[in-house]
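Student: Here's a structure for you.
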Amino acid sequence: MRRAIVLVALLGCPKAQEGRRVPAVEAPTPPEAPTPKPPNPETPPRPSWRAGWSEENGTLDRPEERWGVTLGGPITAPVLADTTQVYAVADGRIAAFSLDGKRIWEVQLPGVQGAALAGESIVAGGDDGRVHFFDRATGKEKTATERGGPLVGAPVAIDGGWAWVTEEGAVVSNAGWLYAVGKSPMGRPAADESTVYVATRDGTLMAVGPKGVEWQVKLPGPPTDGPALDEDNVYVSLAADGGEPGGVVAYGRWGPLLAKERWRFRSEFQPLAAVGADVDTVYVPDKDGNVYALGADDGSRRWNSEGYGEFSTQPLVTKGSVFVGNSDGHLTRLDTYDGGRAWSIDLGAPVTGEPVIVGGAIFVGLANGRLIALE
């Protein structure tokens, strides 16, 4: 009882406080929000380190073809998309379509091997030795740089601009630096904020930055494609050589002291493309008809899934799913947990343009020049 009386005395009687005047406390005026700056078409987004990764999940059920269009030649570069349009590279041209398949624009760019999205622009290079920035909405050229030569693959985003690799073996940046590798590059380059990673045909992996070659290593075999990255490693797919099977080799990528071989996986034959990756697993598309899931930290095999033919594209990895195309014309969705096949659809021609997912729809390119939307 005494505790209750003391508590009332400390808190005061509510009735007694009703007549007290409580001074008003003026709320501070919130600071004005800064006026957003319009996007700079030549400023790239923050680079994505994780190879083949997509935040979009795509359809879990077996999809049906929603529409298809035919370009003038094989689609051999990854298909690109934003929230309103899809872009394909084929036969020396870049074409843009609405998400329901209507052709919006097309530009000729002889020798183009790939493109990348940059703000409100799409950027690509061709045989003319220039890197072009086209308006995404209209396809009109906005600007171009004269530096470099014919490109290998597509430009890659780095801090402060873009970098690209030429067929003559030069790594060039519109941020103002150029370094001659002196070797013929193999496959598409990869990049993080400040470093471009290049595999060469003679079996060298090089990390090149604004001050030149940061480190280089001799690969245990010839590469079949360019390097791929995740948060900790750089991966290179290796060809079969001298009677030895190919596979994948992983190197630490954080500086020259960590640029050592972490592990090597030997497949039954050889991968035909770069790996895809999620948080802790890399996915290897092999010519032997299997997709192999390997632990990113040690290269241990977690599962393998057999397909209908040679897997020919870099896997597209989402939360819980791996999408991969093969040379028999099938696009397959696998479960990342155990490699179980959720579905596989016959598209009628080899899959040569890596798929992209927007709004649940899957867009994929084929060797017969068809761009297909699945949903």
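The values are calculated or read from the model by the stated rules, or taken from the named source; none is laboratory data. The model shown is predicted, which means the values in this text are computed figures rather than measured ones. Cβ sites come from the backbone with ideal geometry, for glycine too, and all protein chains shown count toward neighbours. Heavy atoms of the whole protein, side chains included, go into the accessibility calculation; ligands, DNA and RNA do not. Shrake-Rupley method; radii C 1.70, N 1.55, O 1.52, S 1.80 Å.
Student: Of (1) within 19 Å of TYR235 (Cβ to Cβ); (2) touching a residue at least 40 places away in the same chain (Cβ under 8 Å), GLY295 satisfies all except one. Which?
Tutor: (2)
Student: Among the residues of region 136-194, which ones are under 20 Å from GLY92 (Cβ atoms) and aromatic (Phe, Trp, Tyr)?
Tutor: Once the filter is applied, which keeps residues that are under 20 Å from GLY92 (Cβ atoms) and aromatic (Phe, Trp, Tyr), region 136-194 yields only TRP164.
Student: Are any of the residues in region 258-268 within 26 Å of GLY309 (Cβ to Cβ) and crowded, with 22+ Cβ neighbours inside 10 Å?
Tutor: yes
Student: Starting from residues that are open to solvent by 10 Å² or more (accessible area, probe 1.4 Å) and modelled with pLDDT under 90, keep the ones in region 243-257 and report whichever is farthest from the chain's Cα centre (by Cα).
Tutor: If we take residues in region 243-257 being open to solvent by 10 Å² or more (accessible area, probe 1.4 Å) and modelled with pLDDT under 90, then GLY243 is farthest from the chain's Cα centre (by Cα).
Student: Let me ask something additional. Looking only at region 193-215, which residues are touching a residue at least 40 places away in the same chain (Cβ under 8 Å) and either under 19 Å from GLN270 (Cα atoms) or touching a Ser or Thr at 6+ places or on another chain (Cβ under 9 Å) (or both)?
Tutor: If the condition is that a residue be touching a residue at least 40 places away in the same chain (Cβ under 8 Å) and either under 19 Å from GLN270 (Cα atoms) or touching a Ser or Thr at 6+ places or on another chain (Cβ under 9 Å) (or both), then VAL196, LEU205, ALA207, GLU214 are the ones that fit.
Student: Conditions: (1) surrounded by fewer than 20 Cβ atoms within 10 Å (Cβ to Cβ); (2) among the hydroxyl-bearing types (Ser, Thr, Tyr); (3) at pLDDT 90 or above. THR200 meets all but one. Number of the miss?
Tutor: (1)
Student: While we're here: Among the residues of region 321-375 satisfying the criterion of being under 19 Å from the mean Cα position of the chain (by Cα) and among the aromatic types (Phe, Trp, Tyr), which is nearest to PHE311 (Cα to Cα)?
Tutor: Among residues in region 321-375 that are under 19 Å from the mean Cα position of the chain (by Cα) and among the aromatic types (Phe, Trp, Tyr), the one nearest to PHE311 (Cα to Cα) is PHE323.
Yes or no, residue by residue, for (1) in a strand (DSSP E or B); (2) modelled with pLDDT of 95 or more; (3) open to solvent by less than 30 Å² (accessible area, probe 1.4 Å):
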residue: GLN314; (1), (2), (3): no, no, no
residue: ASP328; (1), (2), (3): no, no, no
residue: ALA342; (1), (2), (3): yes, no, no
residue: ALA349; (1), (2), (3): no, yes, yes
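Student: So, in region 124-149, how many residues would count as being free of Cβ contacts under 8 Å to residues at least 40 places away in the same chain, open to solvent by less than 20 Å² (accessible area, probe 1.4 Å) and in contact with a strand residue (DSSP E or B) (Cβ under 6 Å, 6 or more places away or on another chain)?
Tutor: 4
Student: Next up: Look through region 150-174, keep the residues that are over 21 Å from LEU80 (Cα atoms) and open to solvent by less than 10 Å² (accessible area, probe 1.4 Å), and return whichever of them is modelled with the highest pLDDT.
Tutor: VAL171
Student: Please verify whether LEU117 is in contact (Cβ under 8 Å) with a residue 12 or more places away in the chain, open to solvent by less than 20 Å² (accessible area, probe 1.4 Å) and within 22 Å of the chain's Cα centre (by Cα), treating the condition exactly as stated.
Tutor: no
Student: Do you know which residues across region 82-106 are open to solvent by less than 20 Å² (accessible area, probe 1.4 Å) and of a type in the set (A, V, I, L, M)?
Tutor: Passing the criteria: VAL86, ALA88, VAL89, ALA90, ILE94, ALA95, ALA96.
Student: Here is a further query. For residues in region 228-242 being touching a residue at least 12 places away in the same chain (Cβ under 8 Å) and open to solvent by 10 Å² or more (accessible area, probe 1.4 Å), which is farthest from the chain's Cα centre (by Cα)?
Tutor: For region 228-242, the residue satisfying everything is ASP241.
Student: Please give the number of the condition VAL356 fails out of (1) part of a strand (DSSP E or B); (2) open to solvent by 40 Å² or more (accessible area, probe 1.4 Å); (3) not hydroxyl-bearing (Ser, Thr, Tyr).
Tutor: Condition (2) is where VAL356 drops out.
Student: Could you give me the residue pairs with C-beta distances under 7 Å whose first residue belongs to region 319-345 and is touching a residue at least 12 places away in the same chain (Cβ under 8 Å) and at positive phi, whose second residue is open to solvent by 10 Å² or more (accessible area, probe 1.4 Å) and among the aromatic types (Phe, Trp, Tyr) wherever it lies, and which are 6+ apart or on separate chains?
Tutor: That search, which allows pairs on different chains as well, returns GLY339/TRP303.
Student: To continue, here is another question. Please specify each residue of region 279-312 satisfying the condition of being within 17 Å of the chain's Cα centre (by Cα), at pLDDT 90 or above and under 23 Å from VAL351 (Cα atoms).
Tutor: If the condition is that a residue be within 17 Å of the chain's Cα centre (by Cα), at pLDDT 90 or above and under 23 Å from VAL351 (Cα atoms), then VAL282, TYR283, VAL284, PRO285 are the ones that fit.
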